[in-house]
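One structure below.
The values are calculated or read from the model by the stated rules, or taken from the named source; none is laboratory data. Everything numeric in this text was worked out from a predicted model, so none of it was measured. So basically every Cβ, Gly included, is an ideal-geometry build from the backbone, and we count neighbours across all protein chains shown. These area figures cover heavy atoms from the full protein model, side chains too; ligands, DNA and RNA do not enter into them. Shrake-Rupley method; radii C 1.70, N 1.55, O 1.52, S 1.80 Å.
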Amino acid sequence: MSKNLVIVESPAKARTIEKYLGKDYEVLASYGHVRDLVPKEGAVDPDHGFAMKYQLIDKNEKHVEKIAKAVKNASAVYLATDPDREGEAISWHVYEVLKDRNLVDGRTVHRVVFHEITKRAIKEAIEHPRGLSEELINAQQARRALDYLVGFNLSPLLWKKVRRGLSAGRVQSPALRLIVEREEEIAAFVPQEYWTIEAAVQHAEQGFKARLATFRGTRVEQFTFTNEAVTRDAEQAIRERAREGAPPPGTDGIGVLTVAKIEKKQRRRNPAAPFTTSTLQQEASRKLGFSAQKTMTLAQRLYEGIDVGEEGSTGLITYMRTDSVTLANEALTELREVIEKRYGKENLPDEPRRYTTKARNAQEAHEAVRPTSAARAPEHVKRYLEHDQFRLYELIWKRTVACQMNPAVYDTVGVDLAAGASADGDIAFRATGSVLVSPGFIAVYQEGLDDAQEEQDSLLPSVSEGDRLALSDLLTEQHFTEPPPRYSEATLVKALEEYGIGRPSTYASIISTLRNREYVEMENRRFIPTDVGRVVNRFLTEYFSQYVDYEFTARMEDSLDAVSRGEREWVPLLADFWQPFHELVEYTETSVTREQASQARVLGEDPKSGRPVSVRMGRYGAFVQIGTKDDEEKPRFAGLRPGQKMDYITLEEALDLFKLPRELGETPDGEPVSANIGRFGPYVRYGNKFVSIRGEDDPYRITLERALELIEEKKRADANRIINTFDGTDVQVLNGRFGPYVTNGTKNAKIPKDKEPAKLTLGECEELLAAAPERRGRGKKAAKKTSKKTAAGGEAAAAAETAGNKKAKKVAKKKTRKKPTKKKTAGTKKAGGKKTGKKTGAGKSKSRAAAAAKGAAGDEAAETDAPRGG
């Protein structure tokens, strides 16, 4: 028992640290979390103090065994996981697993933390260990329990009321609400017209423009001129006033403007603070086009260690999950040395810049994200880094160096120009200019902007008060106000932080969950809610408004932060949340019908039948329905086409969906030709054969001529595909994607390389087929359906027939497969201890709930933090 054992999350981190500590230390990785809540009902027990049941994570069990084996030969154990709540929880779980195996008795167990993986930082942490923080562990327990209770209860409700496969989350759902509400703002936006008037001014040095600032003694605002008629009247009045004075000699203007006032100022622009997790994600999105997830993955690698030649593996940046903008004194000293050496003493302020963290619960003991050594310039490590690693490291290095440099200094000038010969007239224009005279930090780095223009120099010629300048023309322009822009990853992260939704370390996983659940899609790198996302959001905002409320979510985060500071107990916090939430879930389950949850929108009447036409969300996607379930005649269903949205589809577009199949005519051989949409997308049918419709062709618009072209192309392709056929049999030799093969319709056989496909005999083909394996999925009979066809069944078929509906296709395929018989049947225990094999309705309901919650629990675990350690 001589070695000391150090436990970290990831193998990359382990390799770097082991190099620093030497032969007396063994460093092993847990590969992230070692335990999680059991993925079933009762994992968190509100009736017994919110007791939590954990189990080992299967994929990490072998790593736990390796750690346990190493502990037996260690005299001391150092838990060296990340320096935050999540890292503290991982250390605690490792400790609990070792304690349950009686492996901690007689051994010293330390908790060590560091914020950068450098030799100095690691040795200092080992020399100053502490115990596990009960406050941080409690905060993480409370967060995990809350996320589990929300996911386990809301997700099965969504499965039951809306459709299978959906999830809701304590943080994910308010984030979705932000995106949906922004889309609703855009849809409801009514553009407002406004006009601007500018003067084109002549000057001997250069011409320039000035905007109308005062008209008839009143300051001009955005909506002073709201239509062309008012603007033309103002233009005429300005022309008349300008003509009161003669233009300067040598000019040919339409009037004169007199310099009434000149204002000269010097403006300073300070550098941005060093990166936090949130600002790093925002800036990497703006400048590098990285997703939040990609940014965190790259940052993790830079933190854990990169082999940089003679130094070996070393951490290049400090810990990347932080909300602090503090820089250590030694880092400030090194930064100032680098700035003076590279950019000159004139760019170095007299004193180091110190930034204050705005986040309420920022841990000032943590540092901002910075290079571990400012002397390690990007160009020095470029050859050791992958392209995107280098780009992110360069961004972090430049931002950190810039934050300690002098401000950028601009000379600005403002000139007021009165219309006419008098300098005190009631009609005046304003021209502004600015020149960068001392770049300061801008020489290194300039912060990106989301939806605005970068600042540009604009020069004005030298003028004096009283000078008369020629007005060469008046420029009027019509404008319309624009709706707020959709969220990008950068602006969504910024909004989440401003609203206090989640924590910076969770933003990447929140965004990934929204995309993976198909609640949102991306267009031009902006978020657009899908129909499913809208329906889920409306369901939650209508029936669980308090729990997707921004203020409520932020207050809950503040309460969890209070637990981490030891200011609040975690069990009473959960109790306050659970009781009203649980009651609301039970009430909604019994009082809200599936019809209400489907959020049907009536579009009008079918002109043929007079029955109502509606669009709604079903188990397999959005669909249009003609009629109701109460009609004598069964309702008709049609799935929406790709690109169509529930909120925007019109009656005419909806009725178009029922026009398929379209009869187009006949082939020259007399075969009927039609267009339709099937399980695998749109197609043209001729006789009993099919041709896929791809590209810009549309089954609703395709002509007979175009269909015949596709048929001819298909026939030519088939002719080239067939190498040989054998009369009286189904055996064929064909060209396939992976080369020639033999088939009889039920089995495929590869052709040996030494055989020439065209010369194969029927006997040789039959031998190859006999030796070939059965094709998977063949020969199985479709399971018989004993239930009657319902509206839901018709809706499923409609969705499955919709082109591009991948999930519906998968469901349609699954429904045709017979489930294998299980040898063991899980059941409920009888009084005598025997198990019954038959599931009751309640048992089935619980199984569905467990399945829904298992998926939701995964989402909620992700909400807790980004993945670590793999």
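Couple of notes before you dig in:
- If the condition is being more than 25 Å from ALA204 (Cβ to Cβ), open to solvent by 10 Å² or more (accessible area, probe 1.4 Å) and either in a loop (DSSP other than H, G, I, E, B) or not acidic (Asp, Glu) (or both), then segment 233-264 contributes GLN236, ALA237.
- When LYS494 is tested against (1) under 30 Å from THR251 (Cβ atoms); (2) surrounded by 15 or more Cβ atoms within 10 Å (Cβ to Cβ); (3) touching an Asp or Glu at 6+ places or on another chain (Cβ under 8 Å), just one condition goes unmet, and that condition is (1).
- Residues that are within 25 Å of ASN138 (Cα to Cα) and either among the polar types (S, T, N, Q) or without any contact (Cβ under 8 Å) to a residue 40 or more places away in the chain (or both) within segment 69-84 comprise just one, THR81.
- Of all residues in segment 653-666, exactly one satisfies the criterion of being buried (at least 17 other Cβ atoms within 10 Å of the Cβ) and either part of a loop (DSSP other than H, G, I, E, B) or more than 37 Å from the chain's Cα centre (by Cα) (or both), namely LEU664.
- Given (1) crowded, with 21+ Cβ neighbours inside 10 Å; (2) at negative phi, index of the condition GLY502 fails: (2)
- In the set (1) open to solvent by 50 Å² or more (accessible area, probe 1.4 Å); (2) touching a residue at least 12 places away in the same chain (Cβ under 8 Å); (3) over 18 Å from the mean Cα position of the chain (by Cα), ARG526 fails one condition alone, (3).
- Residue that is farthest from SER505 (Cα to Cα) [pool: residues in segment 263-316 that are in contact with a strand residue (DSSP E or B) (Cβ under 6 Å, 6 or more places away or on another chain) and of a type in the set (Ser, Thr, Tyr)]: SER313
- Selection status of TYR95, hydroxyl-bearing (Ser, Thr, Tyr), in a loop (DSSP other than H, G, I, E, B) and open to solvent by 40 Å² or more (accessible area, probe 1.4 Å): no
- Within segment 78-89, one or more residues are part of a strand (DSSP E or B), open to solvent by less than 70 Å² (accessible area, probe 1.4 Å), of a type outside the set (D, E, K, R) and closer than 19 Å to ASN4 by Cβ.
- All positions within segment 291-320 that are farther than 19 Å from PRO11 by Cβ and either part of a helix (DSSP H, G or I) or open to solvent by 10 Å² or more (accessible area, probe 1.4 Å) (or both): SER291, ALA292, GLN293, LYS294, THR295, GLY309, GLU310, GLU311
- Segment 1-23, subset out of contact with any Lys or Arg (no Cβ under 6 Å at 6 or more places or on another chain) and part of a loop (DSSP other than H, G, I, E, B), residue most open to solvent (accessible area, probe 1.4 Å): LYS23
- Test result for ASP467, among the acidic types (Asp, Glu) and open to solvent by less than 60 Å² (accessible area, probe 1.4 Å): yes
- Residues of segment 390-423 satisfying the condition of being of a type in the set (Asp, Glu) and out of contact with any Ser or Thr (no Cβ under 9 Å at 6 or more places or on another chain): GLU394
- Taking each residue of segment 633-649 that is over 13 Å from ALA187 (Cα atoms) and looking for partners that are part of a loop (DSSP other than H, G, I, E, B) and open to solvent by 40 Å² or more (accessible area, probe 1.4 Å) with beta-carbon atoms closer than 7 Å, six or more apart or interchain, yields PRO635/THR628; PRO635/LYS629; GLY639/GLU801; PRO642/GLY804.
- Criterion: surrounded by fewer than 20 Cβ atoms within 10 Å (Cβ to Cβ), in a strand (DSSP E or B) and either of a type in the set (S, T, N, Q) or touching a residue at least 12 places away in the same chain (Cβ under 8 Å) (or both) - qualifying residue of GLU41, GLU26: GLU26
- Matching option when the condition is touching a strand residue (DSSP E or B) at 6+ places or on another chain (Cβ under 7 Å) and either at pLDDT 95 or above or of a type in the set (D, E, K, R) (or both), among LYS755, LYS780, LYS750: LYS750
- Condition broken by GLY670, with the remaining ones in (1) outside any helix (DSSP H, G or I); (2) within 42 Å of the chain's Cα centre (by Cα) satisfied: (2)
- Count - residues of segment 98-136 that are open to solvent by 40 Å² or more (accessible area, probe 1.4 Å) and in a helix (DSSP H, G or I): 9
- For segment 369-376, the criterion of a residue being open to solvent by 50 Å² or more (accessible area, probe 1.4 Å) and either more than 30 Å from the chain's Cα centre (by Cα) or within 30 Å of ALA246 (Cβ to Cβ) (or both) is satisfied by at least one position.
- Subset of segment 689-705 (residues that are open to solvent by less than 70 Å² (accessible area, probe 1.4 Å) and part of a helix (DSSP H, G or I)): LEU704
- The set of residues in segment 181-207 being open to solvent by less than 70 Å² (accessible area, probe 1.4 Å), part of a loop (DSSP other than H, G, I, E, B) and among the hydrophobic types (A, V, I, L, M, F, W, C) consists of PHE189 alone.
- Those residues of segment 739-761 which are farther than 22 Å from GLY728 by Cβ and part of a loop (DSSP other than H, G, I, E, B), in sequence order: PRO752, LYS753, ASP754, LYS755, GLU756
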